[in-house]
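I have placed the structure first, in the form of structure tokens, so that the comments after it can refer back to it.
The values are calculated or read from the model by the stated rules, or taken from the named source; none is laboratory data. Remember, it's a predicted structure, so these values are computed and weren't measured experimentally. Glycine also receives a Cβ, built like all others from the backbone with ideal geometry; neighbour counts cover every protein chain displayed. Heavy atoms of the whole protein, side chains included, go into the accessibility calculation; ligands, DNA and RNA do not. Shrake-Rupley method; radii C 1.70, N 1.55, O 1.52, S 1.80 Å.
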There are 4 protein chains.
Amino acid sequence: MADGTYPTALGASSPDRITLLGADLADDVMGSVGFGELAFWLATQRRPSRGETRVFEAVLAALADHGFTPTAIVTRLTYLSAPDSVQGALAAGLLGGGSRFLGVTEDCGRFLHDVLAGVDGALPTDDAGWDAIALETVTAQRAARRFVPGLGHHVHKDGDPRTPRLFAIAEEEGVAGPHLALFAAIGRVHPQVLGRTLPLNGAGVCGAALADLGLPMELLRGFALLARTAGLIGQLAEELRRPVANDIFLSVDLNNRSIAPEPYEPGSAHG
Amino acid sequence: MADGTYPTALGASSPDRITLLGADLADDVMGSVGFGELAFWLATQRRPSRGETRVFEAVLAALADHGFTPTAIVTRLTYLSAPDSVQGALAAGLLGGGSRFLGVTEDCGRFLHDVLAGVDGALPTDDAGWDAIALETVTAQRAARRFVPGLGHHVHKDGDPRTPRLFAIAEEEGVAGPHLALFAAIGRVHPQVLGRTLPLNGAGVCGAALADLGLPMELLRGFALLARTAGLIGQLAEELRRPVANDIFLSVDLNNRSIAPEPYEPGSAHG
Amino acid sequence: MADGTYPTALGASSPDRITLLGADLADDVMGSVGFGELAFWLATQRRPSRGETRVFEAVLAALADHGFTPTAIVTRLTYLSAPDSVQGALAAGLLGGGSRFLGVTEDCGRFLHDVLAGVDGALPTDDAGWDAIALETVTAQRAARRFVPGLGHHVHKDGDPRTPRLFAIAEEEGVAGPHLALFAAIGRVHPQVLGRTLPLNGAGVCGAALADLGLPMELLRGFALLARTAGLIGQLAEELRRPVANDIFLSVDLNNRSIAPEPYEPGSAHG
Amino acid sequence: MADGTYPTALGASSPDRITLLGADLADDVMGSVGFGELAFWLATQRRPSRGETRVFEAVLAALADHGFTPTAIVTRLTYLSAPDSVQGALAAGLLGGGSRFLGVTEDCGRFLHDVLAGVDGALPTDDAGWDAIALETVTAQRAARRFVPGLGHHVHKDGDPRTPRLFAIAEEEGVAGPHLALFAAIGRVHPQVLGRTLPLNGAGVCGAALADLGLPMELLRGFALLARTAGLIGQLAEELRRPVANDIFLSVDLNNRSIAPEPYEPGSAHG
């Protein structure tokens, strides 16, 4: 700031008191605020309702661990190589949380958000209205030869079990909003444009739900990373008891095959 | 493994089902397991009781955000410099979670654990018994000119408000065990050895509580990092709305003072 | 590979021999290949000429350290917070090497590359020909309200001293190619489009030179990061002898100003 | 500093000039200082001699790439998962540069340094003198059941080819000092203490050479990381042309074996 101070509503402390988001940390947060609730509160500076917290924690559960993903393998290998630094092993795993493996959540949330921002007039109030927007959206993506984020899954081809569950929880809690409505409509109408039926995937529905919860678009990926941090700690805990990282390393190293160098040629039209 | 497989009890999926820790993710985890509870479950492969979860989440709340710590500043500056990578900004912040700023939790938990592992015979059943062990422990540390982890705080000199609160919550939930008992005894007896009264700090009591919850010693730092991930997302969310990173950067860059190089001389006795 | 092997031309070893890029590491690399030369060789799998190495090392020198940048501050703060992990401090600093502070090198190299790839027919052989392409390029960028990467500098408003120097070295070594030629032409013609004269900055000319050296476009940022790794080690070495990180931390922490939480409102048209 | 300024001898700039270590970057560094030389200069704030640079670059060459190490696999997997962030892929790989895989260089350098610092009186001037110190050192390590850093190699059991080569280069350049002398003596005398002959490994001799060059002990690991940064860029360049990361990922994921959760039991004597 021009006055040389750095404003913050987050943690602050005086000799006899610690506050977090304006609340007394010891008296009003510890013991009464769950961790998912706190993470939501920290990100939005407003305390979520019980229903919002339940949906948010369902999203975190859906994203926490997907088995031997690249991020999990990376965390285990980094711990093998540098067991002195748990923070390094976790950070290395999180660095895989980019556009391909954890990015769908953010991509889908942002995509739906942008479509909604471009709607003229009031949003629909029934499925037919949503279907019309979805049809236009999927058609435009196809014309531009772009994927629709959140559509398709390489394993759950006939349906991702997380998707109907998250829709149901959001409905139960009364926090399903326009992002989920549009996402559901995309699920209904896309076959008539694409000529085949694809599942609405779990990462995508999580993005839609996070957007409906009013969380910042710029940080949707951050919540996937928060969930994954818990998962990576689980991976490390299992690695400590049933180590596999050295076997993974050896399975690669022992199967290396030396080849001759291949001088790089830049691929320019005139290169 | 010798058979070329990689065993895991964490996430697994088939075309129509996803399991996590043997439970059905959609039906039995999403919507019914809170995020703190899930993180505990992932780390120990056993589902915690309601009381254990409450203590665990109180610890996470205590450690989530402490204002403009080095980790928070680092995350904000990294985001300023590379806004294309939220994962990089979070990972950079977590890398500061080492021996100095977030390490006390782990150091204290391990220290108490090691003292308990060295006790001959049964553990004490009353304060007098714990005080005797604590007295011996603090005396030995002083003789070795080593600090007692968890003792002292540069701001909360007359008492860290998180400490009595976490003791109280653990008592209420019936999960206070030997690590907290020993830590409390250290709080009672250290003045007669050190000649002055120091507070039991919040990071230390968190380590004692995590150890009493039966979490793996090797990963105590990991839980502090999990808590901090939520805090760093809060820092980024605030940075997006009230940016301070550029001011911090300029406050350093504009106050740089060019000095002449100072050739390094190795500091060996014979160097 | 389908056959279960992992081909590589990089490091390999047998009990009595180590090879790197097909060369004997001990006999033919150690003692006869400089570090810049080796980095080039590793990235392209072809050994650079002496002149190419000189230009490449001039680029690395230009990018190694720019004083108290965010990356330097981050490395120092992370080391303050976690002195047990030099790798963590360096990694944290590198994570700031993204689109804003170190990205210009890559952005400029790719931009020039893309323009060249779109040229119909043969490339120009004189300044007039390059100027025509540059004029069209700058005009198109302006029409699209996009910056021309590599143009402008907030400090070196009348010229970045690295730019003419790198042009001169590349000329001396006979490795100046179409990327540098186009970049120079942009420097000549942009005032007639933009109505003011901006300097060709050092990061930009480095990107042009790396592209002319035939290095992979996808990794131009990687060379900036390699250069910066040396710089960050210098920052740590200085921090060990003249520590400033704690002062930086305190200058922020002591000037924090607690404000009330500001509940986040999503910024959708319909939010 | 108390005066609110941050002193540095590294990069500085004014509108028309950039300096690095007090030298004019454009005129006196670019084009005339090699990258290894510059890295040495940045770390010590003194410009190395030609011979020192040659030894330093030989060390960097020895450590740059060792094929499919965990760090290389991690960088490739992270790039697979987050191709949007080259900085994240490199940082993740460097985070594996800890105590096990890249740490021997630092461990060995520090170990030799500490032995030398404990020698009473003048250092030896002949092999017999060094052998006496080495004998005492190896005997003490064995008595304490500790390894001698730098001794032994799982592949190069009859001798690591890098070791005699680095000794020879250091001799040629006249920069072999007490750390290398002690390391050589350990190579001569350890069989009479340990009862078998182990090779002096390449990582160890690199640590000895870096110590003899007068580089800061705290940062020896940093030079291994600098070397590895070049290697990891090479790994990424090869991954772009001959991708293997997805095959590595699938080789793990497709061979996962679901097992039942195994509730963790803390391993305390009283747990």
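Inter-chain neighbour count for D:158-165: the average number of beta-carbon atoms from partner chains within 10 Å of each residue's beta-carbon is 4. The string of couplings for region D:223-235 from the Karplus curve (6.51, -1.76, 1.60, θ = phi - 60°) is 6, 4, 5, 4, 4, 5, 4, 4, x, 5, 4, x, 4 Hz, one whole number per residue in order, with x for Gly and Pro. Simple rule: put +1 on each Lys or Arg Cβ and -1 on each Asp or Glu Cβ in chain D, find the dipole, and look at D:207, D:22, D:155; the Cα lying farthest toward the positive end is D:155.
Computed over region B:103-213, the quotient of the alpha carbon radius of gyration and 2.2 N^0.38 Å is 0.97.
Remark: the protein assembly as shown carries 35 Å² of accessible area per residue (probe radius 1.4 Å; ligands, DNA and RNA excluded).
Pairing chain B with chain A buries about 6900 Å² of accessible area. This figure sums both sides and uses a 1.4 Å probe. Here the accessible area of the protein assembly as shown is 50 percent carbon and sulfur, with a 1.4 angstrom probe and all protein chains present.
The value of relative contact order for region C:154-213, using C-alpha pairs under 8 Å at least six residues apart, is 51 percent. A cut-off of 5 Å between modelled amide H atoms, ignoring neighbours fewer than 5 places along the same chain, links residue C:6 with A:256, A:257.
Sorting D:158, B:107, A:24 by solvent-accessible area of protein heavy atoms yields D:158, B:107, A:24, largest first, with a 1.4 Å probe. Dividing the summed -39500 (n - 2.57) terms of all DSSP H runs of n ≥ 4 by the residue count of chain A sets its mean residue ellipticity at 222 nm at -17500 deg cm²/dmol. From the square roots a ≥ b ≥ c of the eigenvalues of the alpha-carbon gyration tensor of region D:25-128, which class results: rounded (a/c under 1.5), prolate (a/b over b/c), or oblate? It is oblate, given that a/c is not under 1.5 and a/b is not larger than b/c. In chain D, Cα pairs under 8 Å separated by at least six residues give a relative contact order of 25 percent. Over all orientations, the protein assembly as shown has a Cα convex hull whose mean projected area works out to 43.7 square nanometres.
In the elastic network of chain C, a GNM with C-alpha springs shorter than 10 Å, the most mobile of C:148, C:59, C:244 is C:244. By the equivalent-ellipsoid construction on the alpha carbon gyration tensor, chain A comes out with semi-axes of 33, 32, 20 Å, ordered largest to smallest. Taking amide H positions as modeled 1.01 Å from N, with prolines and chain starts lacking one, the residues under 5 Å from residue A:200 and 5 or more places away or on another chain are A:152, A:160. Rounded to the nearest 20, the Cβ-based charge dipole of chain B about its Cα centre (Lys and Arg +1, Asp and Glu -1) stands at 680 debye. In a reduced charge model with +1 at each Lys and Arg Cβ and -1 at each Asp and Glu Cβ, region D:103-217 shows a dipole moment near 580 debye about its Cα centre. Cross-link partners for residue A:157 among the aspartates and glutamates, with Cα-Cα distance under 12 Å and sequence neighbours closer than 8 places in the same chain left out: B:16. Close amide-amide hydrogen proximity is noted between residue D:24 and no other residue 5 or more places distant or on a separate chain, at a cut-off under 5 Å (H modeled in the peptide plane; Pro and chain starts excluded). 3J(HN,Hα) couplings calculated from phi for region C:36-51 with the Karplus curve 6.51 cos²θ - 1.76 cosθ + 1.60 (θ = phi - 60°) are, in sequence order, x, 4, 5, 4, 4, 4, 4, 7, 10, 6, 9, 6, x, 6, 4, x Hz; Gly and Pro show x.
Take every pair of alpha-carbon atoms less than 8 Å apart whose residues are at least six positions apart; their mean separation over the length of region A:1-141 yields a relative contact order of 9 percent.
Couplings for region D:10-23, taken from phi via the Karplus curve 6.51 cos²θ - 1.76 cosθ + 1.60 with θ = phi - 60°, read 7, x, 8, 8, 10, x, 10, 8, 10, 10, 9, 6, x, 8 Hz in order; Gly and Pro are left as x.
Judged by the mean number of other Cβ atoms found within 10 Å, the most tightly packed of the peptides C:41-48, A:88-95, B:123-130, B:204-211 leads the ranking A:88-95, B:204-211, C:41-48, B:123-130. Note on chain C: with a GNM built from Cα contacts shorter than 10 Å, the maximum mean-square fluctuation among C:200, C:135, C:240 falls on C:240.
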